[in-house]
Amino acid sequence: MILAGDVGGTKTVLALFEERRGGFEIVRDVTEPSREFPSLDGMIRRFLDSPPAPKIAAACFGVAGAVIDGRCVTTNLPWTVDEKALVETVPTPRVKLLNDLEAAAWGVMNLPAEELATLQAGNRRRGNMVLIAAGTGLGEALIVWEGSHPHVIASEGGHADFAPRTEREIQLLTFLRREFGHVSYERVLSGPGLFNIYRFLRDTSGTPEPAWLKERLASGDRSAVLSAAALAGEHSLCVEALELFISIYGAEAGNLALKAVAVGGVYVGGGIAPKILPALDTGRFMRAFLEKPPLEEMLRRMPVKVILNREAGLLGAAVFAAGV
């Protein structure tokens, strides 16, 4: 039995896997709101205490944050997660901690074609791949091939400086800099980032916020409210916010693709992309992705796909644990 976890700023998924018929099948799983627990250890302990008691061969957890020497101070949670401490909780010495995008990258390499949506077919070939994922935060990872073996490289690229491309994006940067000082891509490309874009447009456009939208934003998941209203065309501010979000998303995906020369493919993951797939597929994302002269043709040959399986990170943690 393999214990795997996908630890995010909003929710954490834990699962027990068994290897069957050349793949991995979930035997038991649970999804918990991350902030309701003081630590990952306590959440794991409660999960494993549920009968029947499993015999665990290995465990792996993908965590949102930089993992250095088996230890992670999480970016969007008040947790410190340590492999050495987890060994005291999980009944196996084979415990591994990965960055969440690193785990997701291992999952991507094991997804069937039907769990991917194509934004650009490109010409797939063996070569470097990248993964970019907007959710509670923004994650980025590289998959580098050495012969027939892939090596996944975690990064904290989501915290790199936001680089505006247009006058409106420069105004967005100025607006956010007054509030945050340093403005990273994560301040724009994330659930909270979509709301930041919306606030910028609302406060600078002079367009009034309708009462129904104000009420929804006050009582629900603000990024979900905004994206749903945008997809339904319920208000111009929501539509403009999502369009700007998608354009910046495509541009940063193109930046990452250039840095890795990702001829093997570009994968868009995270919780937001599958929910806004109709808007991603309008061409706005890909236009921003390709606007990189003089290398548009190289980018045009790269496959670009959206990950539809929201548990890719969990699967990747299980795949990695099986090889520990």
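Filtering region 301-318 for residues that are assigned to a loop (DSSP other than H, G, I, E, B), farther than 28 Å from Leu231 by Cα and open to solvent by 10 Å² or more (accessible area, probe 1.4 Å) leaves a non-empty set.
Over 23 Å from Leu308 (Cβ atoms), out of contact with any Leu (no Cβ under 7 Å at 6 or more places or on another chain) and of a type outside the set (D, E, K, R): does that describe Ile153?
No; evaluated as a whole, the condition is false for this residue.
With a requirement of 1 or more residues that are over 25 Å from Pro112 (Cβ atoms) and open to solvent by 20 Å² or more (accessible area, probe 1.4 Å), the helices (runs of 4 or more DSSP H) lying completely within region 207-290 that satisfy it span 211-219, 222-231, 236-260, 284-290. Of all the residues in region 19-70, those that are within 22 Å of Leu101 (Cβ to Cβ), in contact (Cβ under 8 Å) with a residue 12 or more places away in the chain and open to solvent by 60 Å² or more (accessible area, probe 1.4 Å) number 3.
Taking residues in region 239-267 that are among the aromatic types (Phe, Trp, Tyr), and partners anywhere that are outside any helix (DSSP H, G or I), the pairs with Cβ atoms closer than 6 Å and at least 6 places apart or on different chains are Tyr249/Leu189; Tyr267/Leu131; Tyr267/Lys305; Tyr267/Ile307.
Candidates in region 71-88 are the residues that are surrounded by 15 or more Cβ atoms within 10 Å (Cβ to Cβ) and farther than 28 Å from Glu19 by Cβ; of these, the one that is modelled with the highest pLDDT is Arg71. Taking residues in region 209-229 that are more than 19 Å from Glu243 (Cβ to Cβ), and partners anywhere that are modelled with pLDDT of 95 or more and assigned to a helix (DSSP H, G or I), the pairs with Cβ atoms closer than 7 Å and at least 6 places apart or on different chains are Arg216/Val225. If the condition is being under 24 Å from Leu189 (Cβ atoms), touching a Gly at 6+ places or on another chain (Cβ under 8 Å) and among the acidic types (Asp, Glu), then region 78-136 contributes Asp100, Glu102. Selection of strands (runs of 3 or more DSSP E) fully inside region 100-201 by the criterion of at least 3 residues being open to solvent by 50 Å² or more (accessible area, probe 1.4 Å) returns 149-154.
The values are calculated or read from the model by the stated rules, or taken from the named source; none is laboratory data. Computed from a predicted model, the values in this text were never measured in an experiment. Here Cβ is always computed from backbone atoms with ideal geometry, including for glycine, and neighbour counts include all displayed protein chains. The accessibility values were calculated without ligands, DNA or RNA, using every heavy atom of the protein model including side chains. Shrake-Rupley method; radii C 1.70, N 1.55, O 1.52, S 1.80 Å.
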